[in-house]
Amino acid sequence: MIPCFTVQRSILLAGTIAGVLFAARAFPQQPPASEPPAAAPPAAAPPAATPPAATPAAPQALPPGSPLIGRPQGNEAAAKLAPVAPPPLPAPADKLPTAQLKLPPGFNIEVYASGVANARSVRVGDKGTVFVGTRLGNKVTAIVKKDGKTELKTIASGLYRPNGLAYHNGTLYIAELSQISKIDNIENVLDNPPKPTVIYNDLPKDEAHGWKFIAVGPDNKLYLEVGQPGNNVLHDKDHGQIRRINLDGTGAEVVARGVRHSVGFDWNPVTKQLYFSDNGRDWLSEDIPQDELNRVTKVGEHFGAPFCYQGNILDPEFGWGHSCREFTPPVALTGPHSAGLGLRFYTGNMFPKEYKNAIILARHGSWNRSNKFGGDVALIKLNKDGTVRSIEPFITGFLVDN
């Protein structure tokens, strides 16, 4: 589903957000010990030895980086919590529950296009082409509207987790798990696109938090995030950060550290400062830590993970010897396990004036919380100095019966 939200003729596009369930692997059980041979027939023979007890089955082993690592053992409530697997096929347009969604007065929501599986990132070209990336699939799709008809075109295939997309000066940038490529002049070659040209591949190959979000900043550099390779990990120098590179893939530089996993960022149109969502760790509790909205004010700032979360909670495993005062605190907390994903500053002119330069944040919603939170789109209004004034609901109704 690619819903669009309209006020008069202004359109805001958003892709669906889906979680992934990592299957657990069990080590093979050892075969039970065989019975000992029967005792010799003479009466004087000693009694048969007691057969040794069968070796207990080995506990289930979780794949490296599984979101279930750290889940409290023997806890009935925690045992019920796990990521929700996305549907294997996209829902048909007439099955999408847009009627249950709630928006402010004057707004309307409708289906822009359907049939794109696991839509994850959306970018719009100069000619109105909507490009869609996916975290679980292997292709990038272009949605073209012409003469009242909607056409889906595959512009790149055979990719590995092409989650992140960026469009800049006619070029489409594609972020896979461990490399970034580009297609120049993309809207003029939709019917016969060339193979993407790789421009950067100095990236880890971790599956956990390995999918990339990318965007081009006001400095004409390409920004990308490299998440922690697991739920709560004392990572190396190549993880837990936001980098930027030149548009040809050169000049890599770390802009922010202490980033657990950000899959959404944008720049304040007034101050040009980078704001990014960041997902806090799991299994500390149902209510903490809250996820964060952060602001980069200087290159190289450290935002805490995995030592400090939400600006004021030292991690019980890695926080020893640290103080949260060592790190840059978030400008706002966005809710416990709310999973803030894509965000955009609204810079259009057709929405009411209170939306101008506000942040629109999609919150995936909590999976590791008994009482679910998030699963909505929030409006974040800022003060003139860039601090957060309020967080308000914008689109609700995705979450039904917890």
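When you check R389 against the structure, is it of a type in the set (K, R) and open to solvent by less than 70 Å² (accessible area, probe 1.4 Å), yes or no?
Considered against the rule, which asks whether it is of a type in the set (K, R) and open to solvent by less than 70 Å² (accessible area, probe 1.4 Å), R389 comes out as no.
Of all residues in region 101-122, how many are buried (at least 20 other Cβ atoms within 10 Å of the Cβ) and of a type in the set (K, R)?
Residues in region 101-122 being buried (at least 20 other Cβ atoms within 10 Å of the Cβ) and of a type in the set (K, R): 1 in total.
Could you please let me know if Q273 is in contact (Cβ under 8 Å) with a residue 12 or more places away in the chain and under 19 Å from the mean Cα position of the chain (by Cα)?
In short, no.
Failed condition for L190, given (1) in contact (Cβ under 8 Å) with a residue 60 or more places away in the chain; (2) within 26 Å of the chain's Cα centre (by Cα), with all others met?
Condition not satisfied by L190: (2).
Please report, ordered by residue number, the strands (runs of 3 or more DSSP E) entirely within region 137-192 with at least 3 residues that are charged (D, E, K, R). Steps first, answer last, please.
Numbers: elements: 140-146, 149-156, 164-168, 171-175, 180-183.
By residue number, 149-156.
Can you tell me which residues in region 169-187 are among the hydrophobic types (A, V, I, L, M, F, W, C), under 22 Å from the mean Cα position of the chain (by Cα) and farther than 13 Å from D126 by Cα?
I174, A175, L177, I180, listed by residue number.
Say whether the condition of being in contact (Cβ under 8 Å) with a residue 40 or more places away in the chain, open to solvent by 20 Å² or more (accessible area, probe 1.4 Å) and in contact with a strand residue (DSSP E or B) (Cβ under 9 Å, 6 or more places away or on another chain) is met by at least one residue in region 145-160.
Checked region 145-160: no residue is in contact (Cβ under 8 Å) with a residue 40 or more places away in the chain, open to solvent by 20 Å² or more (accessible area, probe 1.4 Å) and in contact with a strand residue (DSSP E or B) (Cβ under 9 Å, 6 or more places away or on another chain).
Would you check which residues across region 312-340 are open to solvent by less than 30 Å² (accessible area, probe 1.4 Å), within 20 Å of P393 (Cβ to Cβ) and not in a loop (DSSP other than H, G, I, E, B) and list them?
The answer is A332, T334, G335, P336, G340.
How many residues does region 369-394 hold that are out of contact with any helix residue (DSSP H, G or I) (no Cβ under 8 Å at 6 or more places or on another chain) and either outside any loop (DSSP other than H, G, I, E, B) or within 19 Å of N279 (Cα to Cα) (or both)? Spell out the reasoning first.
Looking only at region 369-394, we keep the residues that are out of contact with any helix residue (DSSP H, G or I) (no Cβ under 8 Å at 6 or more places or on another chain), and these are 369, 371-378, 380, 382-394.
From what is left, the residues that are either outside any loop (DSSP other than H, G, I, E, B) or within 19 Å of N279 (Cα to Cα) (or both) are 369, 371-378, 380, 382, 388-394.
Qualifying residue count, region 369-394: 18.
Is it true that some residue in region 352-362 is at pLDDT below 95, open to solvent by 10 Å² or more (accessible area, probe 1.4 Å) and in a strand (DSSP E or B)?
No; the residues of region 352-362 include none that is at pLDDT below 95, open to solvent by 10 Å² or more (accessible area, probe 1.4 Å) and in a strand (DSSP E or B).
Considering R281, R243, R257, which residue is of a type in the set (K, R), at pLDDT 95 or above and within 28 Å of A77 (Cα to Cα)?
Step by step, each of R281, R243, R257 is checked, and only R281 is of a type in the set (K, R), at pLDDT 95 or above and within 28 Å of A77 (Cα to Cα).
The values are calculated or read from the model by the stated rules, or taken from the named source; none is laboratory data. This structure is a prediction, so every number in the text was calculated from the model and none was measured. No Cβ is skipped: glycine too gets one built from the backbone with ideal geometry, and neighbour counts run over all protein chains shown. These area figures cover heavy atoms from the full protein model, side chains too; ligands, DNA and RNA do not enter into them. Shrake-Rupley method; radii C 1.70, N 1.55, O 1.52, S 1.80 Å.
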